[in-house]
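Below is one structure, written out as structure tokens; comments come after it.
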Amino acid sequence: MKILGIETSCDETGAAVIEAFPHKKYVKVLANIISSSLFLHKKTGGIIPEIAAREQIKYIIPVIQETIEQCNNSTIDDIDAIAVTVGPGLIGSLLVGVETAKTLSFLFRKPIIPVNHLYGHIYANFVYEAQKTKNEKQIEFPAVALVVSGGHTDLVLMKGHGNLKWLGGTRDDAAGEAFDKIGRLLNLPYPGGPSIEKVSLDGDPKAFKFPRPLIDSGDFDFSFSGLKTAVFSKFKTMKKLDDQIIADISASVQQAVIDVLVEKTINAAREYKVKSILLGGGVAANQKLRDEFKSSIVNSQSSIKLFVPPKRLCTDNAAMIAMAGFFNHKSVDWQKISADPELYFD
Ligand code: KG4
Ligand code: ZN
């Protein structure tokens, strides 16, 4: 079966087609296209929801058309189901994807599968998984998933497909949001996460001792607004701000965020005796985070397997939405689907 995925929860307009052969447990990504309005948001240092949605209205049909055409000149008739992100996200942006999916579903009589964007980030691991050869390591359940993006920092226990239990999440800012706000303070290009990662390469992660919020709290909650405040306070006291100091602050902030994410995720993995750890979300594209997860698991001599999607699948894309739709295939009548900006884990 072929599934068309549609993703418009934030500033990206994404469409993808996957081809799934359920009995062979084999899924192929036939096309995965992203159109971003990031260049517009770089000018304003953050996303202006109205602008994002207006751009998405322009892009959505051409992106879907191009995606379907890329699959050996297929047409919409070759699509068996449409998986669409229904939330969480920006209401205007979500509406563009959801209303388009509903219209296509009605016009062409295709089943429609509503997908939670946060599940999508977890299922980015299965996009990769599905393309692996038999000899490579496979995801085994139970697993702990860390979803770490611009809007979310959540730890989830996954006992199987469709069997997810939320363990904890951020009480205030998400990790990506903290990077974005601190990046703006340091006058780095938006989004802050990749910019901080880049300048950190020349910085000393031990130069500033920033807090590791809730690292020893004994639960699976996170809090990054205190870290942001600590950086802001330090920043105010600085008389001189050259490239080296910006690199040192960036490296120290990045290290503080990584320490908390790694420690809490490994604690959850131990407590629930999981076999796999899955990372997902834009912040999982951070190379230092990926490396530190790897070395932390190796150093603890644990048999837990770590899975991290390729970087282009960590940030928002429609292949992960199509994949989540395939593994949680519950189609719903198009009239019953609506965008839900506050959607969370069940
Ligand atoms: O998953 P995503 O594309 O969108 C949301 O669902 O939020 O994540 C975007 C977030 C932004 O906050 C961005 O700064 C952060 O992910 N991000 C990174 C990196 N790439 C993106 N953070 C740290 N290092 C990166 N390389
Ligand atoms: Zn996302």
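Laboratory data are not the source of any read-out in this text; all were calculated from the coordinates shown. Values in this document were obtained by computation on a predicted structure and should not be read as measured data. Positions of Cβ are backbone-derived with ideal geometry, glycine not excepted, and every protein chain shown enters the neighbour counts.
Can you sort S195, S250, S149 so the residue with the fewest Cβ neighbours within 10 Å comes first?
Details: S195 20, S250 29, S149 25.
With the fewest neighbours first, S195, S250, S149 line up as S195, S149, S250.
For the pair E50 and I91, how long in nm is the line joining their label points, each one 7 Å along Cα→Cβ?
The answer from the label model is 1.5 nm.
In whole angstrom, how long is each semi-axis of the equivalent ellipsoid of region 1-110, when you take the square root of 5 times every eigenvalue of its Cα gyration tensor and sort them from largest down? Display every interim value, and only then the final one.
Working: eigenvalues 138, 40, 31 Å².
Semi-axis lengths for region 1-110 are 26, 14, 12 Å.
How do S93, S223, S252 rank when sorted from fewest to most other Cβ atoms within 10 Å of their own Cβ? Present the calculation step by step, with values, prior to reporting the outcome.
Numbers: S93 29, S223 17, S252 20.
Arranged by neighbour count, lowest to highest, S93, S223, S252 become S223, S252, S93.
How high is the relative contact order of the chain, in percent, counting Cα pairs under 8 Å that sit 6 or more residues apart? Walk me through the intermediate numbers first.
On the way: 762 pairs, mean separation 87.3, N = 346.
Worked out over the chain, it gives 25 percent.
Tally Lys and Arg at +1 and Asp and Glu at -1 over the other residues with C-beta under 13 Å from the C-beta of F39: what net charge comes out? Don't jump to the answer; show the numbers that get you there.
Values: positive: K42, K43; negative: D11, E12, E55.
Residues close to F39 contribute a combined charge of -1.
At 7 Å along Cα-to-Cβ for each site, give me the label-to-label distance between K28 and Y272 in nm.
About 3.4 nm separates the two model spin labels.
If you rank F208, F21, F222, F326 by fewest surrounding Cβ atoms within 10 Å, what's the result?
Working: F208 19, F21 11, F222 28, F326 25.
With the sparsest Cβ surroundings first, the list reads F21, F208, F326, F222.
Could you calculate the contour length gain from I61 to Y344, that is, 0.36 nm times the residue separation minus the distance between their Cα atoms, to one decimal place in nm? If you can, show how the numbers build up before the last one.
Working: separation 283, 0.36 × 283 = 101.88 nm, distance 2.76 nm.
Full-extension gain reported as 99.1 nm.
Tell me, what is the Rg over Rh of the chain, with Rh the Kirkwood radius over Cα pairs? Please list the in-between numbers first.
Numbers: Rg = 20.1 Å, Rh = 20.6 Å.
On the Cα set of the chain, Rg over Rh gives 0.98.
Say we join alpha carbon atoms closer than 10 Å with springs in a Gaussian network model of the chain; which of Y272, Y128, Y119 then has the biggest fluctuation?
Y272
Which distance in Å, rounded to a whole number, links the C-alpha centroids of region 141-218 and region 55-101?
29
Where does the chain land at 222 nm, in deg cm²/dmol rounded to the nearest 500, when only DSSP H runs of n ≥ 4 count, each adding -39500 (n - 2.57), divided by all residues? Don't skip to the answer; put the middle values down first.
On the way: 11 runs with 149 residues, N = 346.
Counting only the DSSP helices, I get -14000 deg cm²/dmol.
Could you tell me how many cubic angstrom of Cα convex hull volume region 143-274 has per residue? Write out the running numbers ahead of the final one.
Working: hull volume 13.7 nm³, N = 132.
Hull volume normalised by residue count: 104 Å³.
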